[in-house]
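Student: There's a structure below that I have some questions on.
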2 protein chains.
Amino acid sequence: MRRIAIDMDEVIADILPKYLGLYHQQYGILLEKEDYWGKKIYQVPGAHDLRSHLHTMGFFADLPVMEGSQEVIRELMENFDIFIVTAAQEFRNSLPDKHDWLHHHFPFIPWQNFVFCGDKSIILADYMIDDHAFNLETFQGKGLLYTASHNIDETRYTRVNNWEEIRGFFRGELGKSA
Amino acid sequence: MRRIAIDMDEVIADILPKYLGLYHQQYGILLEKEDYWGKKIYQVPGAHDLRSHLHTMGFFADLPVMEGSQEVIRELMENFDIFIVTAAQEFRNSLPDKHDWLHHHFPFIPWQNFVFCGDKSIILADYMIDDHAFNLETFQGKGLLYTASHNIDETRYTRVNNWEEIRGFFRGELGKSA
């Protein structure tokens, strides 16, 4: 069975609302899409220290699930091996949070298929879905770039804007091999 | 640079003394090598529940470092990319313990090269050092079996009994490619 490696943050876990909430808490300003679209959220004036919150225990515990990801992954599991691959090692406290989050929201994926790593060039799979082009650069399979604010100018990879498009892409792949 | 994936438990972290201590605590008996050699420690009469301790926070925090592993890995890093690859996902509380242990005992390996996974068939590397034959079975590179009590009858892989032998093996590999 072909294998798909799926990133967590900004692919199945929506990290943006948390950042917006923290920014609002700090400055009383609710950022709008035009304020941050096209850059990393840390590049918004005054937001450079938002990234330090990633070290806080609990930060990753209550992130919303990306719309459609549960349903589509469940469907993909009929025809593909699904691995969740996240660069969690930078943030010590994210490790139990991410473990709990996955068991809670994706209990139908076996724990054997969770990977908490750093450099994703260690990953052997047929497809990788990620919002960071640098992870796709070192990947030997087919890379799909999940649209996020910071990657909108990237043109080297097949772009997917949401989980419905991912469903469509893999239906196409199944059609090819049928 | 060629890449070596190195397991943690029973390869760089010595888990046996902890088991022997727990058994002694429970039964007042200090097991000797002939009591457990050739099997899994859980197969020793009365020891079947030792494995439940793996879920305890702190269990993996203070394991002794396998003799010679620090020195040899530091030497290997001159010629190979080193990744530490451990099937930690089964034990939620092992995640921060293992993270801390690696940063404490192997601070010279970048966090980008730590992988906490389950099914190691996801790993892309040239060599894998592991005490479990089932991890080497699905590995596409060259597997080295690190001798542990439970694997002494396994004959399919190049066996290494200690870190001095690992040093010797890789000096041989460098000689081949020179």
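Derivation of every value follows stated rules applied to the coordinates shown; laboratory data play no part. Keep in mind that this is a model prediction, so the values were computed, not measured. No Cβ is skipped: glycine too gets one built from the backbone with ideal geometry, and neighbour counts run over all protein chains shown.
Student: Across the stretch B:45-68, what is the total count of residues that are buried (at least 20 other Cβ atoms within 10 Å of the Cβ) and either part of a helix (DSSP H, G or I) or within 14 Å of chain A (Cβ to nearest Cβ) (or both)?
Tutor: Looking only at that region, the number is 1.
Student: Taking interchain pairs and intrachain pairs at least six residues apart, which have beta carbon atoms under 7 angstrom, with the first residue in the stretch A:103-128 and closer than 18 Å to A:Asp9 by Cβ and the second crowded, with 19+ Cβ neighbours inside 10 Å and hydroxyl-bearing (Ser, Thr, Tyr)?
Tutor: The qualifying pairs are A:Phe116/A:Thr86.
Student: Which one of the conditions (1) facing chain B (nearest Cβ under 7 Å); (2) buried (at least 21 other Cβ atoms within 10 Å of the Cβ); (3) closer than 26 Å to A:Gly21 by Cβ; (4) of a type outside the set (Val, Ile, Thr) does A:Phe83 fail to meet, given that it meets all the rest?
Tutor: Tallying (1) facing chain B (nearest Cβ under 7 Å); (2) buried (at least 21 other Cβ atoms within 10 Å of the Cβ); (3) closer than 26 Å to A:Gly21 by Cβ; (4) of a type outside the set (Val, Ile, Thr), A:Phe83 fails exactly one: (3).
Student: Which one is farthest from B:Gly141 (Cα to Cα) among residues in the stretch A:101-130 that are in a loop (DSSP other than H, G, I, E, B) and facing chain B (nearest Cβ under 9 Å)?
Tutor: Restricting attention to the stretch A:101-130, the residues satisfying the condition of being in a loop (DSSP other than H, G, I, E, B) are A:106-110, A:117-119, A:124-126.
Then drop every residue that is not facing chain B (nearest Cβ under 9 Å), which leaves A:110, A:117-119, A:124-125.
On the way: A:Pro110: 25, A:Cys117: 20, A:Gly118: 21, A:Asp119: 19, A:Leu124: 12, A:Ala125: 15 Å.
Among residues in the stretch A:101-130 that are in a loop (DSSP other than H, G, I, E, B) and facing chain B (nearest Cβ under 9 Å), the one farthest from B:Gly141 (Cα to Cα) is A:Pro110.
Student: Let me ask something additional. Among the residues of the stretch A:118-138, is any farther than 27 Å from B:Phe116 by Cβ and small (Gly, Ala, Ser)? Let's see the steps before the verdict.
Tutor: As a first pass, look at the stretch A:118-138 and keep what is farther than 27 Å from B:Phe116 by Cβ: none.
Among the residues of the stretch A:118-138, not one is farther than 27 Å from B:Phe116 by Cβ and small (Gly, Ala, Ser), which makes the answer no.
Student: Pick from the stretch A:110-123 the residues that are crowded, with 21+ Cβ neighbours inside 10 Å and touching a helix residue (DSSP H, G or I) at 6+ places or on another chain (Cβ under 7 Å): which of them is farthest from B:Arg2 (Cα to Cα)? So that I can check it myself, show each step before the final result.
Tutor: Residues of the stretch A:110-123 that are crowded, with 21+ Cβ neighbours inside 10 Å, as a first pass: A:113-117, A:120, A:122-123.
After this cut, where a residue has to be touching a helix residue (DSSP H, G or I) at 6+ places or on another chain (Cβ under 7 Å) as well, the list is A:114-116, A:120, A:123.
Values: A:Phe114: 25, A:Val115: 22, A:Phe116: 22, A:Lys120: 16, A:Ile123: 15 Å.
Out of the qualifying residues, it is A:Phe114.
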